[in-house]
Each structure stands twice: as C-alpha cells, then as structure tokens.
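Have a look at the structure below, then the notes.
The values are calculated or read from the model by the stated rules, or taken from the named source; none is laboratory data. Here the structure is a predicted model, which means the values were calculated and not measured. Note: ideal-geometry Cβ built from the backbone for every residue, glycine included; neighbour counts use all protein chains shown. Areas reflect the complete protein model, heavy atoms only, side chains present, ligands, DNA and RNA absent. Shrake-Rupley method; radii C 1.70, N 1.55, O 1.52, S 1.80 Å.
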Amino acid sequence: MQLKAARILLTGASGGLGNALARELAEAGAALLLTGRDPGALSRIDLPTGCNYQMLQADLTHAGDIASTVTAARDFGVNILINNAGVAHFGLLSEQDWCDVERILNTNLAAPIRLTQALLPWLTQQPEAAVVNIGSAFGSIPFAGFTAYSAAKAGLRGFSQALRRELADSTVRVIHVAPRAIDTPINPPAVRALNHALGSATDAPQIVARRIAATLAADVDEIHIGFPERLFAWLNGTAPGLVDRGLRGKLATIRQHAGKA
Ligand SMILES: NC(=O)c1ccc[n+]([C@@H]2O[C@H](COP(=O)([O-])OP(=O)(O)OC[C@H]3O[C@@H](n4cnc5c(N)ncnc54)[C@H](OP(=O)(O)O)[C@@H]3O)[C@@H](O)[C@H]2O)c1
C-alpha cells in the first residue's frame, strides 16, 4: 500500500504510540485525521512541519462521537482506519470495580468494532483501503492481572480475523498488530515494576510505529512484535496448558505488584 497517497484516521493519536505513529506516517507522506479525547494532548502531538493533518476531539465510547468521527472521516477522504485508542487497568479481577472492567471492554473492543462497522460502507467504496487494529501480545497470551484487557484484546484479534475473512473479496485489508509492552503512559509505575521484575522487554513507541508503517506498506496482515512473545503466542494457541504452568510460577510476583497498583 502506498502511504504517500494514504488518508488515515488514527484514533488515540494523542497517546504514546499514537504520537509516534502519527509522526512516522506523516513522514511517509500520509495525510492524517487525528483523534483523542483531550484537546490539550491533541494540540501537543509532535508532527513534522508541513504535514497534512486535521484534529478531532472524540470519545469513542459515545455513539454520537463515533457518528461525528465517521462524518469527518468521509469529508477527509479517509482510506485507512487505525483503531489505536485503548485503555488498561492492572489489577486482580476480584479487586476491580465493574466500571473499570466495562471501560476496558468498551474502549478496546466495542468502540473499534463500532467505528469500523460505521465506516465500512465508505471504505469498501475506496479503490484501496485498510483497517488496522492495534491489539496486544496479551490478546494471544492472556495474562493474570490483565483479565479484562486480555479478553478485550483477544476479542479484537478474533474480530480482525473474522472481518478479514468477511472482506476477502473486497478492496479492504484487515491488519492486526500485537505489540508487546511499549514505553507509554498506559503503563503506570506498578506495571513498569512488574515488567522489570518479570524481565519482560519493553519497546520504544518509535520502533513499534516503524513496524506498523512497514506492515501497511507490505503485504502482511497479522504481526506479533517481539520475541519470545511471538513464540509464546503460538505456544498458547497450541498447548495452553504449558503456558498455564509457566505463568503459575509468576503469579506471586504478579499479585505482589497488583497490590501496589
Ligand atoms: N503501551 C503498551 O505497553 C501497549 C502494549 C500493547 C498494545 N498497546 C496498545 O497500543 C494502543 C495505544 O496505547 P498507548 O500505549 O499509546 O497508550 P496511551 O499513551 O495511554 O494512549 C492511549 C490513547 O487512547 C486514547 N483514548 C483512551 N480512551 C479513549 C476513548 N474513550 N475515546 C477516544 N480515545 C481514547 C487516549 O486519548 P486521551 O489521552 O485524549 O484520553 C490516548 O490518545 C492501545 O490500543 C494499547 O492497548 C499498548
């Protein structure tokens, strides 16, 4: 896909990965429609000079904001939707408020499905189009302390694969990206401490953004970023009992850090 001619709707553009992605795509010549909830954070997005962009404030858990985002996307002539907005909440399920669980499911799963569905009649009319869903390694390696987030990201992975199969004879590609931990504000100190204690690697958002841009330009629709996470994702699909046993040994550490979240 030619990024130079692309017109991209990027959700969560004001976040850590979103900002890096906006910059990477703008440098490749794409025109950008950037969304987020916080107008102050949107205005601080670091973009190369002279790039073609518009900003739109939208809370994607609100139906009215989905509708206004779709109108803006059609007016902008969008041919690529990147569902990047997301939230996480580290903690044991038994200690979480339902409103946090609901917010995670709504933001990471219901909102991207709803936005995609609303934009699809427009995207299918484009000579070349794509939907890119930013999932997580936890969507394939569901993790203790991240039950709702893992469920939402596994759901997003399933949605991506089903939609890809549904649109197989259309001009719309459906790409699913599963990064491992990234150094962004979504991870509070307790998660950073947990990753450190478990020896889990963390990528810079610029590295992940570069991989996503390269995936769009290439003919690949399913990527896991990071090794050994890619291997564990495969293992979890093949022999989940082995992963259960491996993660059981980490449970005490996860509980200890969840207590400080
Ligand atoms: N960082 C990681 O370790 C990691 C690993 C794997 C996957 N991911 C995924 O990468 C994506 C980007 O996350 P990030 O790391 O860049 O996190 P981040 O820095 O916290 O950014 C999250 C972005 O999502 C937006 N957002 C949250 N709730 C929203 C809502 N209801 N409506 C509209 N926008 C909303 C935020 O906008 P406002 O700031 O304006 O609220 C912000 O722009 C997410 O899907 C995340 O699950 C992250």
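Taking the range 60-74 as the region of interest, how many residues are open to solvent by 40 Å² or more (accessible area, probe 1.4 Å) and part of a loop (DSSP other than H, G, I, E, B)? Before the answer, list the steps.
Applying the first criterion (open to solvent by 40 Å² or more (accessible area, probe 1.4 Å)) to the range 60-74 yields 61-65, 67-68, 71, 74.
Next cut, part of a loop (DSSP other than H, G, I, E, B) only: 61-62.
Selection size over the range 60-74: 2.
Tell me which residues, restricted to the range 53-99, are of a type in the set (Val, Ile, Thr), more than 30 Å from Thr253 (Cβ to Cβ) and within 11 Å of the ligand (Cβ to nearest atom).
Passing the criteria: Thr61, Ile66, Thr69, Ile82.
Is it true that Gly139 is more than 30 Å from Ala5 (Cβ to Cβ), under 13 Å from the mean Cα position of the chain (by Cα), open to solvent by less than 40 Å² (accessible area, probe 1.4 Å) and not hydroxyl-bearing (Ser, Thr, Tyr)? Outline the logic, then answer.
On the way: more than 30 Å from Ala5 (Cβ to Cβ): yes; under 13 Å from the mean Cα position of the chain (by Cα): yes; open to solvent by less than 40 Å² (accessible area, probe 1.4 Å): yes; not hydroxyl-bearing (Ser, Thr, Tyr): yes.
Yes; evaluated as a whole, the condition is true for this residue.
From the list Ile186, Ile175, Ile212, which residue is in a loop (DSSP other than H, G, I, E, B) and within 16 Å of the chain's Cα centre (by Cα)?
Numbers: Ile175 fails: in a loop (DSSP other than H, G, I, E, B); Ile212 fails: in a loop (DSSP other than H, G, I, E, B).
Exactly one of Ile186, Ile175, Ile212 is in a loop (DSSP other than H, G, I, E, B) and within 16 Å of the chain's Cα centre (by Cα), namely Ile186.
Only residues that are of a type in the set (Val, Ile, Thr), touching a helix residue (DSSP H, G or I) at 6+ places or on another chain (Cβ under 6 Å) and assigned to a helix (DSSP H, G or I): list them for the range 109-164, please. Step through it out loud before you land on a result.
Of the range 109-164, the ones of a type in the set (Val, Ile, Thr) are 113, 116, 124, 131-132, 134, 141, 147.
Add one more test, that the residue is touching a helix residue (DSSP H, G or I) at 6+ places or on another chain (Cβ under 6 Å), and what stays is 113, 131, 141, 147.
Correct list: Ile113, Thr147.
Identify all residues within the range 1-44 that are within 10 Å of the ligand (Cβ to nearest atom) and part of a loop (DSSP other than H, G, I, E, B); write none if there are none.
Thr11, Gly12, Ala13, Ser14, Gly15, Arg37, Asp38
Can you go through Leu81, Leu105 and tell me which one is in a helix (DSSP H, G or I) and touching a residue at least 40 places away in the same chain (Cβ under 8 Å)?
Working: Leu81 fails: in a helix (DSSP H, G or I).
None of the others qualify; the one that does is Leu105.
Can Thr35 be described as without any contact (Cβ under 8 Å) to a residue 60 or more places away in the chain and open to solvent by 20 Å² or more (accessible area, probe 1.4 Å)?
Working: without any contact (Cβ under 8 Å) to a residue 60 or more places away in the chain: yes; open to solvent by 20 Å² or more (accessible area, probe 1.4 Å): no.
Taking the combined requirement at face value, the residue does not satisfy it.
Residue-by-condition table, conditions (1) surrounded by 12 or more Cβ atoms within 10 Å (Cβ to Cβ); (2) under 21 Å from Gln117 (Cα atoms); (3) under 19 Å from the mean Cα position of the chain (by Cα):
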| residue | (1), (2), (3) |
| --- | --- |
| Asp46 | no, no, no |
| Cys51 | yes, no, no |
| Phe76 | yes, yes, no |
| Asn79 | yes, yes, yes |
| Phe90 | yes, no, yes |
| Val101 | yes, no, yes |
